[in-house]
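Here is the structure we will look at.
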Amino acid sequence: MRQGLDWARDGQHWPHRGLSRFVAAGGLRWHVQHAVHPDAQAPTVVLLHGTGASTHSWRGLIPLLQPQVSVLALDLPGHGFSAMPEGHQVAVRCSMVGMAQGVAAVLHALGVAPSVLVGHSAGAAIACRMALDGLLAPERLLSVNGALLPLDGWAGQLFSPLAKLLAKAPLVPELFSWRAAQADILQKLLDGTGSQLDAQGQALYRQLIGNPGHAAAALAMMAHWDLHALGHDLPRLRTPLALVVGAQDSIVPPQTAQRVAAALLHQAPPRVSVLDGLGHLAHEEQPQAIAALVLRG
């Protein structure tokens, strides 16, 4: 089994290291960052990152939320410093349903009942899946460039089978991480998101995608993802959902949010907030804008 990032080696300068701890839940060891508000009555906001990211992606948002709420961020299975499932468990625990159940196990182990669940990209899909499956009952959900519907056209037909093939190839994660960590390739990958990151953000992504274990986890997640089932179930979502869209997002087309809003028949039309000039990583580019949306309710 490939190993992901090592805390002793790779975590020395990790953003908000002082908030980090490791929790055993659902058969895995999870890396979480938990900022507990001194007022026990303060609400809790849970942050779920997208495919290939980690807790680092919330580095700008966490300090903006801390004065008013408790905040919990975590690394999804195999991402960052969280453990990767082994053997036949990969298909189960790296599926959307499996990740939703795993995150719910972490929250249960920590005694956390979030008022707001914030998800970026695939993290938004996990948040919706948790609410749909009754794994938690937050007051509301906030999707940041949420990957909530299948890709259109040939890409949607090719994506999952190709990811399954690549995930099974023995040397693909090593080859991908070796190539992606090179400065020119990394820059092309980041440019492809439509976002502009600072030097720290670029360095952290280089550290992540240069790790074969992390790359393998991202491929496994993509290989076992089922957005068709989520798209089918979204119309019965009862938890209020707000949709945040980066106008320059070139990963999840901005019009996807309008399609999601149209699908939610059993609640008032979701608020769609469009952030001009921002891409897929809008929460890293302008965390102030996301914080305002989280805190205003």
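Observations, loosely collected:
- (i) 65, 50, 40; (ii) 71, 42, 40; (iii) 47, 47, 38, with the label sought being that of the calculated Cα extents along the principal axes in Å: (iii)
- Globularity ratio of the range 71-118, using Cα Rg and 2.2 N^0.38 Å: 1.18
- Each Cα pair of the range 1-60 feeds into the Kirkwood radius, which the Stokes-Einstein equation turns, at 25 °C and 0.890 mPa s, into a diffusion coefficient of 183 µm²/s.
- Net charge in the neighbourhood of residue 47 (other residues with Cβ under 13 Å of its Cβ; Lys, Arg +1, Asp, Glu -1) is -1.
- Net charge of the neighbourhood of residue 145, taken over other residues with C-beta under 12 Å away and scored Lys/Arg +1, Asp/Glu -1, is -3.
- Model label points for residue 199 and residue 91, set 7 angstrom from Cα along the Cα-to-Cβ axis, are 4.7 nm apart.
- Solvent-free Debye scattering, log10 I(q)/I(0), computed from the Cα coordinates of the range 7-117 at q = 0.12, 0.14, 0.19, 0.23 Å⁻¹: -0.39, -0.54, -0.98, -1.37
- Here the peptides 272-280, 76-84 are ranked by packing, the mean other Cβ count within 10 Å, and the order with the highest first is 76-84, 272-280.
- Whole-angstrom gap from the range 88-102 to the range 14-59, using each part's C-alpha centre: 19 Å
- Cα radius of gyration and Dmax for the range 247-297 (Å): 12.0, 33
- Here the Kirkwood formula, the inverse mean of 1/r across different C-alpha pairs, assigns the range 197-277 a hydrodynamic radius of 15.3 Å.
Where a number appears in this text, it was derived from the coordinates with a stated rule and is not lab data. Everything numeric in this text was worked out from a predicted model, so none of it was measured. When we count neighbours, we look across all protein chains shown, and the Cβ atoms used for this are built from the backbone with ideal geometry, even at glycine.
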